[in-house]
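As structure tokens, the structure follows; a few thoughts come after it.
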Amino acid sequence: MGPERRGVQQIRTFAGLVDGRRSRTSAGALLELSMLEMEKTRLTKEMQRADRRCAEIRKRLAEITVKQQRIHRFVEKPQDDGSGDATAAALPLHTVPVGKLKRRRLSY
Amino acid sequence: MSLAEELTVLSLEKKPDFVETPYIQGIAQRALDYSRAGYPVHFSGSAGTGKTALAMHVAALLGRQVILIHGDDEFGSSDLIGGQLGYRSSTVVDNYIHSVVKKEETVSKQWVDNRLTTACKYGFTLIYDEFTRSRPEANNVLLSVLEERLLELPSVRLGEGYLQVHPDFSAIFTSNPEEYAGVHKTQDALMDRMITLKLEHQDLETEVAITQAKSGLPGRQAKAIVAIVREFRTLGVNNGRPTIRACIMLGRIVAMRQGTVAAGDLEFRQLCHDVLNADCIKVTHEGQAAGLERLDEIIAKCCLPEPKLVPVPGESHREVQPASPRGRRRAKAGGKGGAGLHGT
């Protein structure tokens, strides 16, 4: 005996019973076609909704990354206890920002 | 984030009338050597000795962009290194759940680098003109900049509180030790960190060259003007005044008027009285003000007596035209005497 199947997918109802003979008649086939079309429409809408939600999530993730970088500057850096072999980094040297400083000529 | 990009840096260039005599070249070369060796240079001298011009000249020879600061009693540390001078507003709209909008607005003060910080950060040349006019407390920040090459910034500034001074950074200071109005004493620690070049008044050759270059007068006239001013300066009652500026004033006005530099020229004498009057106040003789009399004596001594045109023998009826338009006008006004005047 196989494992017991549980869950919504496994519930059998009377509404779920399908007469296999119905598609063999014209009316049954039309009914089946309309049901399939409706299911297709429903799934397509759901896929579009999921795409939209994915786009929202991607956008939010990008915002979170930016915010994290900004907030990281407020986080205290771990103290170096000096016991390790790691050497302290030198203070950075700055380079002149190109095209940002105003330059003026002065004759003396 | 600093707003260094809002500051202006200067590129210095010589004017065509900038004079470079051996005297000027010698001082500039010494200062340049000291500066290249990593020491701040301090030009110290009374008014009119060319401190600021020399500082600019040396800065131009160093070949870096220049940041210029003029000392002021109102200065504090923040006027040199910067402060929280602006505001930044940011808004975060949180729409994580599409039906819920969360809005967060933040307004924070903004740190703005000032001139010293910018110069230290990017390795510019700093000219701190008349730095003794700033209070010593304001200049304290320079101590670590000049010795440890480290600029200490307030903790309110975001990021590291220390700024490594750029290796190309150099500083040139000027001050006037004779000045007594609006200046402060300087801490020994600061003076100890810089090489001080004492400047005296320029030599005769330099003063004549400067007067000639700035006014456009002929050499003889420039020399006579400089002689008057130098002679008057030797009276020694007025802290080395009058200075080269008086020479330039006299020279420019004479050139503008197309006048003469002559003892007999009343306009020239009046001009000398006007320009040098302030320096005459302390000249007394037996309790009486004698400045203008002494000045007249000096003018008579230093200028040639005004030459008169001598009529050519045998052509006494022909009118002799003076060389200059002013002389011609004067000859016409003087009229009947027939003897025109011309300048030296």
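Computed quantities for the displayed model
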| item | result |
| --- | --- |
| Average beta carbon contacts from partner chains per residue of B:15-24, 10 Å cutoff | 1 |
| ³J(HN,Hα), Karplus 6.51/-1.76/1.60, whole Hz, each residue of region B:226-235, x for Gly, Pro | 4, 4, 4, 5, 5, 5, 5, 5, 5, 4 |
| Net lengthening on full extension, B:Glu267/B:Glu293 (0.36 nm per residue, minus Cα-Cα) | 7.8 nm |
| Fewest-first sequence of B:Cys303, A:Cys54, B:Cys272 by Cβ atoms within 10 Å of each Cβ | A:Cys54, B:Cys303, B:Cys272 |
| Footprinting exposure proxy for B:Ser78, B:Ser89, B:Ser99 (fewest neighbouring C-beta atoms within 10 Å first) | B:Ser99, B:Ser89, B:Ser78 |
| Charge dipole of region A:16-72 about the Cα centre (unit charges at C-beta), most positive-ward option of A:Thr25, A:Met47, A:Thr65 | A:Thr65 |
| Cα Rg, Dmax, region B:40-183, angstrom units | 20.3, 75 |
| Table column - 3J(HN,Hα) (Hz), region B:208-216, Karplus curve with 6.51, -1.76, 1.60, x for Gly and Pro | 5, 5, 5, 4, 5, 5, 7, 9, x |
| Whole-Hz couplings from phi, Karplus 6.51/-1.76/1.60, listed for region A:45-61; x for Gly and Pro | 4, 5, 5, 5, 5, 5, 4, 4, 5, 4, 4, 4, 5, 4, 5, 5, 4 |
| Charge context of B:Ile69, other residues only, Cβ under 10 angstrom, K/R +1, D/E -1 | -3 |
| Length added when fully stretched, B:Arg88-B:Met191, from 0.36 nm per residue minus Cα-Cα | 33.1 nm |
| Computed lengthening from A:Ala90 to A:Asp51, 0.36 nm per intervening residue step minus Cα-Cα distance | 9.2 nm |
| Amide H contacts of A:Leu106 (H built 1.01 Å from N, under 5 Å, at least 5 apart or other chain) | B:Ser11, B:Leu12, B:Glu13 |
| Likely footprinting exposure, B:Ile81, B:Ile69, B:Ile228, A:Ile57, fewest C-beta neighbours within 10 Å first | A:Ile57, B:Ile69, B:Ile81, B:Ile228 |
| For region B:216-271: relative contact order, % (alpha-carbon pairs under 8 angstrom, 6 or more apart) | 35 |
| Semi-axes of the equivalent ellipsoid for region A:16-72, Cα gyration tensor, largest first, Å | 48, 9, 4 |
| Residues with amide H under 5 Å from that of B:Phe43, placed H, sequence gap 5 or more | B:Phe173, B:Thr174, B:Ser175, B:Leu197 |
| Region B:18-113, Cα convex hull volume normalised per residue, Å³ | 172 |
| For B:Thr49, residues with placed amide H under 5 Å, excluding near neighbours | none |
| Restraint check, A:Lys102/B:Lys103; B:Lys198/B:Lys223; B:Lys51/B:Lys121, Cα-Cα greater than 31 Å | A:Lys102/B:Lys103 |
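Read the figures in this text as sums done on the coordinates, not as results from a lab. Note that the structure is predicted; figures quoted are calculated from it, not measured. Reconstructed Cβ throughout: ideal geometry from the backbone, glycine too, with neighbour counts over all protein chains shown.
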